[in-house]
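> Sharing a structure below in C-alpha coordinates format, with a few things to ask.
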Amino acid sequence: MVSKTNEEALETLIEKHLVDHQGYVEGVSADFNKQYAIDTKLFWRFLENTQSKELEKLKRYGDDWLQKILERLDRLLKKHGILRLLKKGLSIDDTHFHLMYPVPLASSSRQVKQDFAENIFSCTRQIPYSNENPSETIDIALFINGLPFATLELKNPWTGQTARYHGQRQYRSDRDNSQPLLQFARCLVHMAVDTDEVYMTTKLAGKDTFFLPFNKGNDGGAGNPPNPNGHKTSYLWEELFTKDVIANIIQHFVRLDGSDQDRSEKRTLFFPRYHQLDVVRKIIAHASENGIGHRYLIQHSAGSGKSNSIAWLA
(Lines give C-alpha, C1' and ligand atoms only; values in the text may rest on other atoms or scores of the structure.)
Protein backbone atom coordinates (compact mmCIF):
# COMPACT_ATOMS: atom_id res chain seq x y z
CA MET A 1 0.00 0.00 0.00
CA VAL A 2 2.83 2.39 0.82
CA SER A 3 4.51 1.63 -2.50
CA LYS A 4 1.30 2.26 -4.44
CA THR A 5 0.78 5.56 -2.62
CA ASN A 6 4.25 6.74 -3.61
CA GLU A 7 3.71 5.71 -7.23
CA GLU A 8 0.42 7.59 -7.25
CA ALA A 9 2.21 10.67 -5.93
CA LEU A 10 4.61 10.50 -8.88
CA GLU A 11 1.66 9.96 -11.26
CA THR A 12 -0.04 13.04 -9.86
CA LEU A 13 3.14 15.12 -10.12
CA ILE A 14 3.71 14.19 -13.79
CA GLU A 15 0.08 14.67 -14.78
CA LYS A 16 -0.18 18.01 -12.97
CA HIS A 17 2.96 19.35 -14.63
CA LEU A 18 1.86 18.27 -18.11
CA VAL A 19 -1.61 19.77 -17.67
CA ASP A 20 -0.62 22.97 -15.85
CA HIS A 21 2.64 23.78 -17.66
CA GLN A 22 2.72 21.90 -20.98
CA GLY A 23 -0.86 22.42 -22.13
CA TYR A 24 -1.89 18.76 -22.04
CA VAL A 25 -5.50 17.71 -21.61
CA GLU A 26 -6.29 15.47 -18.64
CA GLY A 27 -7.48 12.26 -20.26
CA VAL A 28 -10.20 9.96 -18.91
CA SER A 29 -9.42 6.25 -18.78
CA ALA A 30 -13.02 5.37 -19.70
CA ASP A 31 -12.51 7.09 -23.08
CA PHE A 32 -9.75 4.64 -24.00
CA ASN A 33 -10.84 2.05 -26.56
CA LYS A 34 -8.82 -1.10 -25.81
CA GLN A 35 -9.65 -2.76 -29.12
CA TYR A 36 -8.28 0.07 -31.24
CA ALA A 37 -5.85 1.49 -28.64
CA ILE A 38 -7.01 5.09 -29.02
CA ASP A 39 -8.71 7.72 -26.89
CA THR A 40 -11.87 7.88 -28.97
CA LYS A 41 -13.24 11.06 -27.40
CA LEU A 42 -10.11 13.11 -28.15
CA PHE A 43 -9.61 11.46 -31.54
CA TRP A 44 -13.09 12.52 -32.69
CA ARG A 45 -12.70 15.97 -31.08
CA PHE A 46 -9.52 16.60 -33.05
CA LEU A 47 -11.08 15.52 -36.37
CA GLU A 48 -14.28 17.51 -35.78
CA ASN A 49 -12.34 20.63 -34.77
CA THR A 50 -9.87 20.53 -37.64
CA GLN A 51 -11.29 18.53 -40.56
CA SER A 52 -15.06 18.60 -40.33
CA LYS A 53 -15.45 18.95 -44.12
CA GLU A 54 -13.59 15.68 -44.67
CA LEU A 55 -15.78 13.99 -42.06
CA GLU A 56 -18.87 15.18 -43.90
CA LYS A 57 -17.74 13.27 -47.00
CA LEU A 58 -17.78 10.02 -45.03
CA LYS A 59 -21.16 10.61 -43.45
CA ARG A 60 -22.73 9.61 -46.75
CA TYR A 61 -22.14 6.03 -45.60
CA GLY A 62 -24.83 6.53 -42.98
CA ASP A 63 -24.40 5.31 -39.44
CA ASP A 64 -21.38 3.19 -40.40
CA TRP A 65 -19.03 6.12 -41.02
CA LEU A 66 -17.58 6.11 -37.49
CA GLN A 67 -16.83 2.41 -37.62
CA LYS A 68 -15.43 2.75 -41.13
CA ILE A 69 -12.78 5.20 -39.88
CA LEU A 70 -11.87 3.05 -36.88
CA GLU A 71 -11.52 -0.12 -38.93
CA ARG A 72 -9.43 1.58 -41.61
CA LEU A 73 -7.24 3.15 -38.91
CA ASP A 74 -6.77 -0.22 -37.21
CA ARG A 75 -5.80 -1.99 -40.45
CA LEU A 76 -3.19 0.63 -41.28
CA LEU A 77 -1.81 0.69 -37.75
CA LYS A 78 -1.31 -3.08 -37.88
CA LYS A 79 0.37 -2.82 -41.27
CA HIS A 80 2.46 0.36 -40.96
CA GLY A 81 2.53 1.37 -37.28
CA ILE A 82 1.65 4.66 -35.63
CA LEU A 83 4.65 6.63 -36.93
CA ARG A 84 3.62 6.50 -40.59
CA LEU A 85 0.06 7.57 -39.84
CA LEU A 86 1.15 10.48 -37.66
CA LYS A 87 3.44 11.71 -40.45
CA LYS A 88 1.39 10.88 -43.54
CA GLY A 89 -2.19 10.85 -42.27
CA LEU A 90 -5.15 8.56 -42.93
CA SER A 91 -6.79 8.14 -46.35
CA ILE A 92 -10.24 6.60 -46.82
CA ASP A 93 -11.71 6.58 -50.32
CA ASP A 94 -11.67 10.21 -51.46
CA THR A 95 -10.99 11.66 -48.02
CA HIS A 96 -7.71 12.35 -46.23
CA PHE A 97 -7.19 13.18 -42.58
CA HIS A 98 -4.15 14.72 -40.96
CA LEU A 99 -3.56 12.90 -37.66
CA MET A 100 -0.88 15.32 -36.43
CA TYR A 101 0.06 18.81 -37.55
CA PRO A 102 3.85 19.36 -37.66
CA VAL A 103 5.90 21.83 -35.65
CA PRO A 104 6.07 25.17 -37.50
CA LEU A 105 9.34 26.83 -38.44
CA ALA A 106 10.07 30.43 -37.53
CA SER A 107 9.28 31.31 -41.14
CA SER A 108 6.04 29.28 -41.27
CA SER A 109 2.75 30.95 -42.09
CA ARG A 110 0.21 31.87 -39.48
CA GLN A 111 -2.00 29.01 -40.69
CA VAL A 112 0.75 26.43 -40.09
CA LYS A 113 1.21 27.78 -36.57
CA GLN A 114 -2.54 27.71 -35.95
CA ASP A 115 -2.74 24.14 -37.22
CA PHE A 116 -0.04 22.98 -34.81
CA ALA A 117 -1.90 24.63 -31.94
CA GLU A 118 -4.93 22.46 -32.79
CA ASN A 119 -3.06 19.26 -31.84
CA ILE A 120 -4.47 17.76 -28.64
CA PHE A 121 -1.81 16.35 -26.33
CA SER A 122 -3.21 14.38 -23.42
CA CYS A 123 -2.12 12.43 -20.34
CA THR A 124 -4.24 9.59 -18.94
CA ARG A 125 -3.58 7.74 -15.71
CA GLN A 126 -4.33 4.09 -14.98
CA ILE A 127 -5.14 3.00 -18.53
CA PRO A 128 -7.09 -0.32 -18.61
CA TYR A 129 -5.31 -1.59 -21.70
CA SER A 130 -6.17 -5.32 -21.72
CA ASN A 131 -9.17 -6.88 -23.46
CA GLU A 132 -8.44 -10.14 -21.60
CA ASN A 133 -7.99 -8.75 -18.10
CA PRO A 134 -9.95 -5.51 -17.47
CA SER A 135 -8.31 -5.00 -14.07
CA GLU A 136 -4.82 -4.62 -15.56
CA THR A 137 -3.74 -1.00 -15.95
CA ILE A 138 -0.68 0.96 -17.03
CA ASP A 139 0.27 3.90 -14.84
CA ILE A 140 0.34 6.63 -17.53
CA ALA A 141 -0.24 6.80 -21.27
CA LEU A 142 0.46 9.90 -23.37
CA PHE A 143 -1.49 10.70 -26.53
CA ILE A 144 -1.48 13.09 -29.44
CA ASN A 145 -4.94 13.59 -30.94
CA GLY A 146 -6.10 10.43 -29.22
CA LEU A 147 -3.26 8.27 -30.59
CA PRO A 148 -0.75 6.88 -28.04
CA PHE A 149 2.92 7.78 -28.34
CA ALA A 150 4.24 6.71 -24.90
CA THR A 151 3.42 4.51 -21.92
CA LEU A 152 5.02 4.88 -18.50
CA GLU A 153 5.32 2.48 -15.59
CA LEU A 154 6.30 4.34 -12.43
CA LYS A 155 8.30 3.12 -9.44
CA ASN A 156 9.69 4.73 -6.29
CA PRO A 157 13.14 3.84 -4.87
CA TRP A 158 12.08 5.09 -1.42
CA THR A 159 9.92 1.98 -1.12
CA GLY A 160 12.44 -0.38 -2.72
CA GLN A 161 10.87 -0.27 -6.20
CA THR A 162 13.15 0.86 -9.02
CA ALA A 163 12.73 1.47 -12.74
CA ARG A 164 15.97 -0.41 -13.42
CA TYR A 165 14.63 -3.66 -11.97
CA HIS A 166 10.93 -3.59 -11.02
CA GLY A 167 9.75 -1.31 -13.84
CA GLN A 168 11.52 -3.34 -16.51
CA ARG A 169 10.34 -6.61 -14.96
CA GLN A 170 6.76 -5.37 -14.98
CA TYR A 171 6.88 -4.68 -18.72
CA ARG A 172 8.64 -7.99 -19.42
CA SER A 173 6.59 -10.30 -17.22
CA ASP A 174 3.31 -8.66 -16.20
CA ARG A 175 2.23 -6.81 -19.35
CA ASP A 176 0.50 -8.63 -22.20
CA ASN A 177 2.20 -7.39 -25.37
CA SER A 178 -0.44 -9.06 -27.54
CA GLN A 179 -2.86 -6.30 -26.54
CA PRO A 180 -3.18 -3.51 -29.14
CA LEU A 181 -1.63 -0.72 -27.04
CA LEU A 182 1.51 -2.77 -26.43
CA GLN A 183 1.87 -4.32 -29.88
CA PHE A 184 5.01 -3.38 -31.78
CA ALA A 185 4.86 0.07 -33.43
CA ARG A 186 1.35 0.86 -32.14
CA CYS A 187 3.04 3.13 -29.58
CA LEU A 188 6.42 4.79 -30.08
CA VAL A 189 8.11 4.19 -26.73
CA HIS A 190 7.56 2.48 -23.38
CA MET A 191 9.36 3.87 -20.34
CA ALA A 192 10.11 2.55 -16.87
CA VAL A 193 10.47 5.61 -14.64
CA ASP A 194 11.36 6.31 -11.04
CA THR A 195 12.57 9.43 -9.27
CA ASP A 196 16.22 8.67 -10.11
CA GLU A 197 16.35 6.91 -13.49
CA VAL A 198 14.48 6.30 -16.77
CA TYR A 199 14.71 3.27 -19.07
CA MET A 200 13.09 2.94 -22.49
CA THR A 201 12.19 0.32 -25.08
CA THR A 202 10.38 0.47 -28.41
CA LYS A 203 9.55 -3.22 -28.63
CA LEU A 204 7.92 -5.27 -25.88
CA ALA A 205 8.86 -8.93 -26.40
CA GLY A 206 8.25 -10.60 -23.05
CA LYS A 207 11.42 -11.83 -21.35
CA ASP A 208 13.44 -10.79 -24.43
CA THR A 209 12.49 -7.11 -24.09
CA PHE A 210 15.62 -4.95 -24.29
CA PHE A 211 15.72 -1.67 -22.37
CA LEU A 212 18.15 1.21 -22.84
CA PRO A 213 18.88 4.00 -20.34
CA PHE A 214 17.17 7.31 -21.03
CA ASN A 215 19.32 9.19 -18.52
CA LYS A 216 21.41 12.37 -18.70
CA GLY A 217 24.53 10.80 -17.24
CA ASN A 218 26.22 11.97 -14.07
CA ASP A 219 29.77 13.35 -14.01
CA GLY A 220 30.85 11.13 -16.87
CA GLY A 221 29.07 8.07 -15.49
CA ALA A 222 25.62 6.46 -15.52
CA GLY A 223 22.42 7.78 -13.97
CA ASN A 224 21.33 11.38 -13.51
CA PRO A 225 22.84 14.35 -11.66
CA PRO A 226 21.27 15.67 -8.45
CA ASN A 227 18.41 18.10 -9.06
CA PRO A 228 18.15 20.82 -6.41
CA ASN A 229 14.65 21.67 -7.63
CA GLY A 230 13.06 18.21 -7.56
CA HIS A 231 13.44 14.64 -8.76
CA LYS A 232 16.48 13.65 -10.80
CA THR A 233 14.17 12.50 -13.61
CA SER A 234 12.03 15.65 -13.82
CA TYR A 235 13.68 16.47 -17.17
CA LEU A 236 11.47 13.77 -18.65
CA TRP A 237 8.19 15.63 -18.13
CA GLU A 238 9.70 19.13 -18.05
CA GLU A 239 11.92 18.91 -21.17
CA LEU A 240 11.05 15.84 -23.26
CA PHE A 241 7.27 15.81 -23.08
CA THR A 242 6.75 19.38 -24.28
CA LYS A 243 4.56 19.63 -27.37
CA ASP A 244 7.33 21.04 -29.56
CA VAL A 245 9.90 18.42 -28.55
CA ILE A 246 7.59 15.43 -28.95
CA ALA A 247 6.33 16.61 -32.35
CA ASN A 248 9.91 17.30 -33.45
CA ILE A 249 10.99 13.82 -32.35
CA ILE A 250 8.13 12.28 -34.34
CA GLN A 251 8.93 14.33 -37.43
CA HIS A 252 12.71 14.06 -37.47
CA PHE A 253 14.03 11.36 -35.13
CA VAL A 254 11.81 8.29 -34.78
CA ARG A 255 12.18 5.82 -37.62
CA LEU A 256 10.92 2.32 -38.36
CA ASP A 257 13.41 0.14 -40.22
CA GLY A 258 12.47 -2.64 -42.62
CA SER A 259 9.50 -3.02 -44.96
CA ASP A 260 5.82 -3.73 -44.34
CA GLN A 261 6.40 -7.27 -45.63
CA ASP A 262 8.88 -8.01 -42.82
CA ARG A 263 7.61 -9.67 -39.67
CA SER A 264 7.66 -7.37 -36.64
CA GLU A 265 10.42 -9.31 -34.89
CA LYS A 266 12.74 -8.44 -37.78
CA ARG A 267 11.98 -4.71 -37.66
CA THR A 268 13.43 -2.05 -35.37
CA LEU A 269 11.77 1.14 -34.17
CA PHE A 270 14.37 3.78 -33.27
CA PHE A 271 13.57 6.40 -30.62
CA PRO A 272 16.40 8.78 -29.63
CA ARG A 273 18.01 8.37 -26.24
CA TYR A 274 18.49 11.48 -24.12
CA HIS A 275 22.17 12.01 -24.95
CA GLN A 276 21.47 11.64 -28.70
CA LEU A 277 18.62 14.12 -28.66
CA ASP A 278 20.67 16.46 -26.49
CA VAL A 279 23.77 16.54 -28.70
CA VAL A 280 21.80 17.06 -31.92
CA ARG A 281 19.82 19.94 -30.42
CA LYS A 282 22.96 21.56 -28.96
CA ILE A 283 24.87 21.46 -32.26
CA ILE A 284 21.90 22.79 -34.23
CA ALA A 285 21.48 25.60 -31.71
CA HIS A 286 25.19 26.48 -31.94
CA ALA A 287 25.16 26.45 -35.76
CA SER A 288 21.99 28.55 -35.84
CA GLU A 289 23.62 31.19 -33.64
CA ASN A 290 27.20 31.06 -34.94
CA GLY A 291 26.79 30.05 -38.58
CA ILE A 292 28.13 27.13 -40.58
CA GLY A 293 31.73 25.92 -40.92
CA HIS A 294 32.43 24.88 -37.34
CA ARG A 295 33.79 21.48 -36.35
CA TYR A 296 32.16 19.34 -33.69
CA LEU A 297 33.27 16.24 -31.80
CA ILE A 298 30.49 13.91 -30.62
CA GLN A 299 31.62 11.74 -27.72
CA HIS A 300 29.37 8.87 -26.64
CA SER A 301 30.48 5.75 -24.83
CA ALA A 302 30.96 2.59 -26.92
CA GLY A 303 27.68 1.27 -28.28
CA SER A 304 25.71 4.38 -27.36
CA GLY A 305 24.66 5.28 -30.88
CA LYS A 306 27.16 7.78 -32.31
CA SER A 307 26.20 6.80 -35.86
CA ASN A 308 22.54 7.51 -35.21
CA SER A 309 23.37 10.84 -33.58
CA ILE A 310 25.40 11.88 -36.65
CA ALA A 311 22.66 10.68 -39.03
CA TRP A 312 19.96 12.59 -37.14
CA LEU A 313 22.14 15.69 -37.10
CA ALA A 314 22.74 15.44 -40.86
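> Per 10 Å bin from zero, what fraction in whole % of the C-alpha pairs of the stretch 139-205 is there, up to the bin with the longest pair?
23, 53, 22, 2
> I've got another one for you. Which of rounded, prolate, oblate describes the stretch 3-43, given a ≥ b ≥ c as roots of the alpha-carbon gyration tensor eigenvalues and a/c under 1.5 marking rounded, otherwise prolate only if a/b is larger than b/c?
Values: a/c = 3.77, a/b = 1.44, b/c = 2.61.
Taking the square roots of the gyration eigenvalues as a ≥ b ≥ c, the stretch 3-43 is oblate.
> Ignoring ligands, DNA and RNA, what percent of the 1.4 Å accessible area of the stretch 68-162 is carbon and sulfur?
49
> Taking the highest mean first, how do the peptides 233-244, 185-196, 208-219 order by number of other beta carbon atoms within 10 angstrom per residue? Provide the component values of the computation, followed by the final result.
Working: 233-244: 18.7, 185-196: 23.7, 208-219: 16.2.
Sorting 233-244, 185-196, 208-219 by mean packing, highest first, produces 185-196, 233-244, 208-219.
> Quick query: amide H of Ile138 versus all other amide H atoms, modeled in the peptide plane; which residues come in under 5 Å with a sequence gap of 5 or more or a different chain?
Close amide H contacts, sequence-distant or interchain: Ile127, Tyr129.
> Farthest toward the dipole's positive end in the stretch 1-157, which of Phe149, Gly23, Gly81, given Cβ charges of +1 (Lys, Arg) and -1 (Asp, Glu) about the Cα centre?
Gly81
> Considering Cα pairs under 8 angstrom that are at least six residues apart, work out the relative contact order of the chain and quote it in whole percent.
Worked out over the chain, it gives 15 percent.
> Only Lys, Arg, Asp and Glu count, each charged at its Cβ (+1, +1, -1, -1), so figure out the dipole size of the stretch 82-239 about its Cα centre, rounded to 20 debye.
280
> Viscosity 1.002 mPa s, temperature 20 °C: what is the translational diffusion coefficient of the stretch 67-141 from Stokes-Einstein with a Kirkwood Rh over Cα pairs, rounded to a whole number of µm²/s? Show your work: numbers first, answer last.
Working: Rh = 15.0 Å.
It comes out at roughly 143 µm²/s.
> With θ taken as phi - 60° and the coefficients 6.51, -1.76 and 1.60, list the Karplus ³J(HN,Hα) couplings across the stretch 271-282 in order, rounded to whole Hz; mark glycine and proline as x.
10, x, 7, 4, 5, 6, 4, 5, 5, 4, 5, 5
> Among Gln251, Leu269, Leu313, pick out the residue whose Cα is farthest towards the positive end of the charge dipole of the chain, where Lys and Arg carry +1 and Asp and Glu carry -1 on C-beta, about the Cα centre.
The residue sitting farthest along the positive end of the dipole is Leu313.
> Across the stretch 1-145, how large is the tail of the calculated P(r) beyond 27 Å, expressed as a percent of all Cα pairs? Don't skip to the answer; put the middle values down first.
Working: 3100 of 10440 pairs.
When every Cα pair of the stretch 1-145 is considered, 30 percent fall beyond 27 Å.
> Indicate the gyration tensor shape class of the stretch 198-314 (rounded, prolate or oblate), computed on the Cα atoms with a ≥ b ≥ c the square roots of the eigenvalues: a/c under 1.5 is rounded; otherwise a/b larger than b/c is prolate and the rest oblate.
oblate
> Magnitude of the Cβ-charge dipole of the chain, K/R +1 and D/E -1, about the Cα centre, nearest 20 debye?
940
> Separate question: How large is the Kirkwood hydrodynamic radius of the stretch 51-209, counting all unique pairs of alpha carbons, in Å?
Over the stretch 51-209, the inverse of the mean reciprocal pair distance is 17.6 Å.
> How high is the relative contact order of the stretch 63-174? Use alpha-carbon pairs under 8 Å, at least six apart in sequence, and give a whole percent.
13
> Would you please calculate the Kirkwood hydrodynamic radius of the stretch 1-69 over all C-alpha pairs and express it in Å, rounded to one decimal?
14.8
> Right, something else. Against the globular-protein guess of 2.2 N^0.38 Å, express the Cα radius of gyration of the chain as a ratio, rounded to two decimals.
Normalised Rg, Cα atoms only: 1.01.
The values are calculated or read from the model by the stated rules, or taken from the named source; none is laboratory data. Note that the structure is a prediction, hence the values are computed from the model and not measured. Glycine gets a Cβ as well: all are built from the backbone with ideal geometry, and neighbour counts include every protein chain shown. These accessible areas exclude ligands, DNA and RNA; they are computed on the full protein's heavy atoms, side chains included. Shrake-Rupley method; radii C 1.70, N 1.55, O 1.52, S 1.80 Å.
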